[in-house]
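Below: the structure, in structure tokens.
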There are 2 protein chains.
Amino acid sequence: MGLRERKKERTRAELQRHALRLFRDHGYAETTVDDIAAAAEVSRSTFFRYFPTKEDVVLFDDVDPVMERVMHGLPDGTPLLAAVRTVLRESFGSLDDEARALEEVRMELARSVPQIAAILRERNAFAVEQVAGMVGPATGRDPADPEVLLFSGIVLGARHAARARVEAGRAASYVDELDAMLGRLGAGIPLADEPVRARAQSP
Amino acid sequence: MGLRERKKERTRAELQRHALRLFRDHGYAETTVDDIAAAAEVSRSTFFRYFPTKEDVVLFDDVDPVMERVMHGLPDGTPLLAAVRTVLRESFGSLDDEARALEEVRMELARSVPQIAAILRERNAFAVEQVAGMVGPATGRDPADPEVLLFSGIVLGARHAARARVEAGRAASYVDELDAMLGRLGAGIPLADEPVRARAQSP
DNA sequence: AACGCAACTGAGACTTAGTGTCAAAAGAAT
DNA sequence: ATTCTTTTGACACTAAGTCTCAGTTGCGTT
């Protein structure tokens, strides 16, 4: 790995590090791209060469390839739900220390800066199609099959639920919470047959 | 309703109508707020007085109050899943002609302009917390209860799945598709126990 | 009918995100 | 050392979004 490569890597990391720090200390909207660039001692242009938008500097790194790998390592015949649970747990769990630390800061940011929570929720809510693209082939079905899409949607839903718990400060670890949610799915859809009491609404 | 109110209503509708038309004809990014304002014959300032951001001009109108009303009209003891299904079907189904037509344009736009599809997916993916805020009280539980959140997430997931089908051009009516998805949920989580075949991946 | 109040609107200045160009600087290769 | 390529910085430009202020217009009062 040449000097050029290492320098690029360092610049990218610096930009991200300073950005997250500034967001945490002064807020997301209050921090301009100029501020970030100045803190990392590069020009504004350089910032945009590394991150297409200001939001991107906060986003998760791509975990897709890892998930693919874990999926391939599973024994044939594993039930789909269990397979997905394993894939998510393993791939998130296998992040190295640096990535995990970054994740920590991001989560803390998501809790303290509402705007960042919104960004993470919106941008990182990976599309149903993405999950379906994995589930379809694994079960030998069309990714556009309604049941494949519904299953994928449910997995996403569990993800949303887990994030909601973490953002509300009710759960410490996102990975554990997501795992727990997928575990609950093993017993079917919770509360599906629970009777509603229309009158029980509070003001 | 005074003249002022009616005028406001008309201005808002005009802005939205022209915006959607311009987006459809020239694309989302290519249409500036100035263009929209000019077409609706108001000033740029006025546009932002009606819609906080350019994106907002595309978004769904708030259906919350309608949903609340339908929910209250349900007989006590209705199973939760059935209740939610009814609420969604009824509240979307009860839109007046104008709203339904607007909806039609929006869906067409979502299909032809990828950027708008993204906006709808992101912004209108109403938060888990919102659904949980309805489900919680109806079942006499804390909206932060993990099972309440998971159930809410699943409903959202079905919504994502339905939208994916519509966007892919595989389903004509969003309302019907969502209803069908929720119907499928009645039989539990589809494909949960389906065996995966890791080798069955295509390149 | 005229008055004053409050809400709505338009004009325009300003900040910042994001894009594009071009020339200078710095690493890599010969 | 020289040439080639990649990276960078300076700068100009467009458009979104915010803010202020002055002018207008509907609305209730006297």
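A few notes on this one:
- The stretch A:69-91 and the stretch A:132-180: distance between their alpha carbon centers, rounded to Å: 13
- Other protein chain C-beta atoms within 10 Å of residue C-beta, averaged over B:158-168: 6.
- Percent RCO, i.e. relative contact order, over chain B, from Cα pairs under 8 Å lying at least 6 residues apart: 16
- Against the main long axis of the alpha-carbon atoms of chain A, helix A:64-73 sits at an angle near 40°.
- Per residue of A:67-77, other chain Cβ atoms within 10 Å of the residue Cβ number 2 on average.
- Computed on the protein assembly as shown, the Cα convex hull volume stands at 175 Å³ per residue.
- Sorted from shortest to longest, the distances between the residue A:183 label points of this copy and the other copies are 3.6 nm, with each point 7 Å from Cα along the line through the beta carbon.
- Calculated diffusion of chain B, Stokes-Einstein form, Kirkwood radius summed over Cα pairs, 4 °C and 1.567 mPa s, µm²/s: 67
- Top positive-direction residue, dipole computed over chain A with Cβ charges, set A:181, A:36, A:148: A:36
- Between the beta carbons of residue B:48 and residue A:38, assuming R0 = 25 Å, the FRET efficiency works out to 0.25 to the nearest 0.05.
- Inter-part distance where the stretch B:1-34 and the stretch A:36-54 are each reduced to a Cα centre, Å: 36
- As a proxy for reagent exposure, ranking A:9, B:129 by other Cβ atoms within 10 Å from fewest up yields A:9, B:129.
- On the rotation that sends chain A to chain B, the chain A Cβ lying closest to the axis gives residue and distance in whole Å as A:157, 2.
- Ranked list, fewest to most other Cβ atoms within 10 Å of each Cβ, for A:105, B:70: A:105, B:70
- Axis angle, to the nearest 10 degrees, between helix A:146-167 and the longest C-alpha principal axis of chain A: 60 degrees.
- B:174, B:50 arranged by Cβ crowding within 10 Å, fewest neighbours leading: B:50, B:174
- Protection-proxy order for peptides A:155-164, A:79-88, each taking the mean of Cβ atoms within 10 Å per residue, highest first: A:155-164, A:79-88
- Most fluctuating residue given options B:52, B:190, B:146, as computed from a GNM of chain B linking Cα atoms under 10 Å: B:190
- Helix A:80-93 axis, angle to chain A major axis (alpha carbon atoms, nearest 10°): 20
Read the figures in this text as sums done on the coordinates, not as results from a lab. This is a predicted model, so every value here is computed, not measured. Neighbour counts are summed over all protein chains in view; Cβ atoms, including those assigned to glycine, are modelled from backbone coordinates with ideal geometry.
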